[in-house]
Amino acid sequence: MGVEIMEPNTCIRGCCSSNSIPLHLPPSCYTLLSPIARGGESVVYEGILDGRRVAVKKPILSTSEDIDKFHKELQLLCTLDHPGIARLAAAHAKPPNYMFFFELYESGNLAGKLHVEEWSPSIDQVLRISIQLAKALQYLHNQGIVHRDVKPANVLLDRNLCAHLADFGLAEYRKNLKGVSMENWRSSGKPTGGFHKKNMVGTLIYMAPEILKKEIHTEKSDVYSFGISINELLTGVVPYTDLRAEAQAHTVLEMNYTEQQLTAAVVSGNLRPALAGPESGASASMLSLIQRCWDENPQIRPSFDNIVLELSTVLEHKLKTMGENQAGGESTILQDQLSDGANKVQIFRESINWSTQGEELSKKVSLAVNLGLRNWLDSSNDPLAYHPVLSWGSFATCGKRETMEDRHFLMPHMCDEKDIHVFGIFDGHRGAAAAEFSAQAMPGFLRSLAFVTSPKSALFEVFISTDLAFRNELDSHRKSRVIQKDWHPGCTAIAALIVRDKLFIANAGDCRSILCRSGRAFSLSKDHIASCLEERERVVSAGGLVKWQVDTWRVGPAALQVTRSIGDDDLKPAVTAEPEITETTLSSEDEFLVMASDGLWDVVSNEEVVDIIRDTVKEPGMCSKRLATEAAERGSKDNITVIVVFLRPVSTAERIY
């Protein structure tokens, strides 16, 4: 790229420097476009740098430790130069925007390729990717660097499906491993980042036994993760499940093992994923290599020098067996197929931007209907009615999950009406699609229904309309073969509508809302879960199947714990989108409203939420963050989204104390 390097080419601290990578950029040379991935510690955007498409990783920096970590990762990335490692094109290492600019790899990451697109690579493709990944790790280890988070989600594929190792946020120099590992085990740490998620299923399945036993990470721990990943590449199955679809994997793992059981089985019982069979095309020597890579004894695991040598021998033997002419012909054909495949991937990605589709639908249905909101205000036009004074804020985090499937919206002063406010949270499962769509579409449906219905009726219809619209979009994509037929994403949802002194809460699923009135917590919603007898009976009477599985009641083959949701079309009508709605008349005794996904409520009680806010600076955004952080520190296993709405003015003293 032709970005000019400005001297001195260092970060703001002066600890990072490079002769070839620009480390601070003028705003005019780059543009951030839409997000393409979200994690616990960063958001990745598609971007334009000097006229060329790039992937822009923007870390979430909320503490000085986060900024330290950014500089540490940048220092390491500036030293790497290998074709099998994701290439850093530039960085912006000065406040207020800290960013990494990477080459954009058109085919996404290997986990998405295997489990979203359900790609079945040929044995030739498996071998090539395996060798490319092994050579990248060989290079790192020869530089004295251990990656510490090797898994398919951190392997990027270019247009020709060549592999590039990415995400060096947890990488560490060998000489520092002992000190770093001991510090991590002593500290509870921030509940994000694969290595620090001590009980996180998404990373746990790639962790070597010695790491699960809290021993020191070594190069051989990377070898273990490599073996698990290559077996996954051969089988197409998420480790320890029989599923290709990653979106359902954590549910299946929860059904089969608690985190402690899986850890014990890997460490003490020598449990490993089912080894690829002969149908994968892998030779006996390659399968033997995988087994040695994941051996419980690190000393038995081969080095990457030996792994590269063995895999190269396997590939050479296969080419000799095929014959030089046939091999050359197949290589040419394969190259053409890969180019076509890359184009299809791009079409797929552009077609399934669920947020955009929800937003477009919202605009269509809400055109020319805003005058209807006056009906809601006129119907409650009591001059003596209490008028709450609102302030609001939110905070959302992945928590211990690898991906963020929660979405939310804040819509104060809806359509410029000062006394109408709407807030919503959507907790996705089997992927984020339903939550992304609903968070954008629901506000438009609400505006469109204001013209003809009361607030309570409008909320009910909004849930039904959003569910129907999302399922229609899914059907449309299935017919055009853009998505796989057996993918059935869904989300729970909760929405709060405040019309002057009336508070309406609509809930479908296990998000929850409470009201603090005179210092006490009052629940405004009921969890719709299969362990609730009333909900269980309703599901069964509607034709659904409810079974006790491992530790709780679950619905249908998808094993959902919730009994109401948007989407989940394979479980309709039993898992209905019909919300339960409560109506509350607000008064001067009402202090604040708290809405949150179940990631909060799983570990923090209603009463504890009130106590935590009382002990926090009375700013709604800070209170939201404090609650989410507290849930994460208590071990919440889920995404966590919190919205706090203060219902009366907060004095200066209250804000401080």
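Condition test on Thr192, is it closer than 28 Å to Lys175 by Cβ, modelled with pLDDT under 70 and either open to solvent by less than 40 Å² (accessible area, probe 1.4 Å) or among the small types (Gly, Ala, Ser) (or both)? Criteria met by Thr192.
Would it be correct to say that Lys485 is within 27 Å of Ala441 (Cα to Cα), touching a Phe, Trp or Tyr at 6+ places or on another chain (Cβ under 7 Å) and either at pLDDT below 95 or basic (Lys, Arg) (or both)? No; evaluated as a whole, the condition is false for this residue.
Taking the numbered list (1) open to solvent by 40 Å² or more (accessible area, probe 1.4 Å); (2) at pLDDT 85 or above in turn, Gly2 passes all entries but (2). Looking at Leu367, Leu361, Leu377, Leu315, just one residue is aliphatic (A, V, I, L, M), surrounded by fewer than 14 Cβ atoms within 10 Å (Cβ to Cβ) and modelled with pLDDT of 50 or more, and that residue is Leu367. Residue count for region 20-38 satisfying the condition of being open to solvent by less than 80 Å² (accessible area, probe 1.4 Å) and of a type in the set (Ser, Thr, Tyr): 3.
Any residue at all in region 527-544 that is farther than 19 Å from Gly490 by Cβ, touching a Leu at 6+ places or on another chain (Cβ under 9 Å) and free of Cβ contacts under 8 Å to residues at least 60 places away in the same chain? No; the residues of region 527-544 include none that is farther than 19 Å from Gly490 by Cβ, touching a Leu at 6+ places or on another chain (Cβ under 9 Å) and free of Cβ contacts under 8 Å to residues at least 60 places away in the same chain. Just one of (1) open to solvent by 60 Å² or more (accessible area, probe 1.4 Å); (2) under 30 Å from Arg614 (Cβ atoms) fails for Cys516. It is (1).
Taking residues in region 394-412 that are closer than 18 Å to Leu627 by Cα, and partners anywhere that are acidic (Asp, Glu), the pairs with Cβ atoms closer than 8 Å and at least 6 places apart or on different chains are Ala396/Asp406; Gly399/Asp638; Lys400/Asp638; Arg401/Asp638; Asp406/Asp427; Arg407/Glu436.
This table checks each residue for (1) more than 12 Å from Glu103 (Cα to Cα); (2) out of contact with any Ser or Thr (no Cβ under 9 Å at 6 or more places or on another chain).
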site: Val43; (1), (2): yes, yes
site: Leu49; (1), (2): no, no
site: Val54; (1), (2): no, yes
site: Lys58; (1), (2): yes, no
site: Leu61; (1), (2): yes, yes
site: Ser64; (1), (2): yes, yes
site: Ile67; (1), (2): yes, yes
site: His71; (1), (2): yes, yes
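Scanning region 289-306 for residues that are in contact with a Cys (Cβ under 8 Å, 6 or more places away or on another chain) and more than 13 Å from Leu137 (Cα to Cα) yields a single hit, Arg301. One residue alone among Val610, Val594, Val604, Val617 is closer than 12 Å to Val644 by Cβ and in a loop (DSSP other than H, G, I, E, B), and that residue is Val617. Is region 598-605 home to any residue that is open to solvent by less than 60 Å² (accessible area, probe 1.4 Å), more than 16 Å from Asp427 (Cβ to Cβ) and over 29 Å from the mean Cα position of the chain (by Cα)? No, region 598-605 has no match at all. Of all residues in region 519-552, which are open to solvent by less than 40 Å² (accessible area, probe 1.4 Å) and either closer than 26 Å to Asp242 by Cα or of a type in the set (Ser, Thr, Tyr) (or both)? Correct list: Ser525, Ala530, Gly544, Val546, Gln549, Thr552.
The condition (being closer than 16 Å to Phe504 by Cα and open to solvent by less than 70 Å² (accessible area, probe 1.4 Å)) is satisfied by just one residue among Val594, Val555: Val594. Here Glu103 meets each of (1) within 23 Å of Met286 (Cβ to Cβ); (2) under 24 Å from the mean Cα position of the chain (by Cα) with one exception, condition (1). With respect to the conditions (1) surrounded by fewer than 19 Cβ atoms within 10 Å (Cβ to Cβ); (2) under 12 Å from Thr563 (Cα atoms); (3) touching a helix residue (DSSP H, G or I) at 6+ places or on another chain (Cβ under 7 Å), Ala508 lacks only one, and its number is (1). Does region 617-624 contain at least one residue that is free of Cβ contacts under 8 Å to residues at least 24 places away in the same chain and touching a Lys or Arg at 6+ places or on another chain (Cβ under 7 Å)? Scanning region 617-624, I find no residue that is free of Cβ contacts under 8 Å to residues at least 24 places away in the same chain and touching a Lys or Arg at 6+ places or on another chain (Cβ under 7 Å), so the answer is no. Total residues in region 420-429 satisfying the condition of being modelled with pLDDT under 95 and either part of a helix (DSSP H, G or I) or surrounded by fewer than 24 Cβ atoms within 10 Å (Cβ to Cβ) (or both): the figure is 1. In region 64-82, which residue that is without any contact (Cβ under 8 Å) to a residue 60 or more places away in the chain, open to solvent by 20 Å² or more (accessible area, probe 1.4 Å) and not acidic (Asp, Glu) is farthest from Leu140 (Cα to Cα)? Checked region 64-82; the qualifying residue farthest from Leu140 (Cα to Cα) is Ser64.
Within region 620-655, if we keep just the residues that are open to solvent by less than 40 Å² (accessible area, probe 1.4 Å) and in a loop (DSSP other than H, G, I, E, B), the residue that is modelled with the highest pLDDT turns out to be Leu647.
The values are calculated or read from the model by the stated rules, or taken from the named source; none is laboratory data. Just so you know, these numbers come straight off a predicted model, no measurement behind them. Here the Cβ is made from the backbone with ideal geometry for all residues, glycine too, and neighbour counts use every protein chain on show. The accessibility values were calculated without ligands, DNA or RNA, using every heavy atom of the protein model including side chains. Shrake-Rupley method; radii C 1.70, N 1.55, O 1.52, S 1.80 Å.
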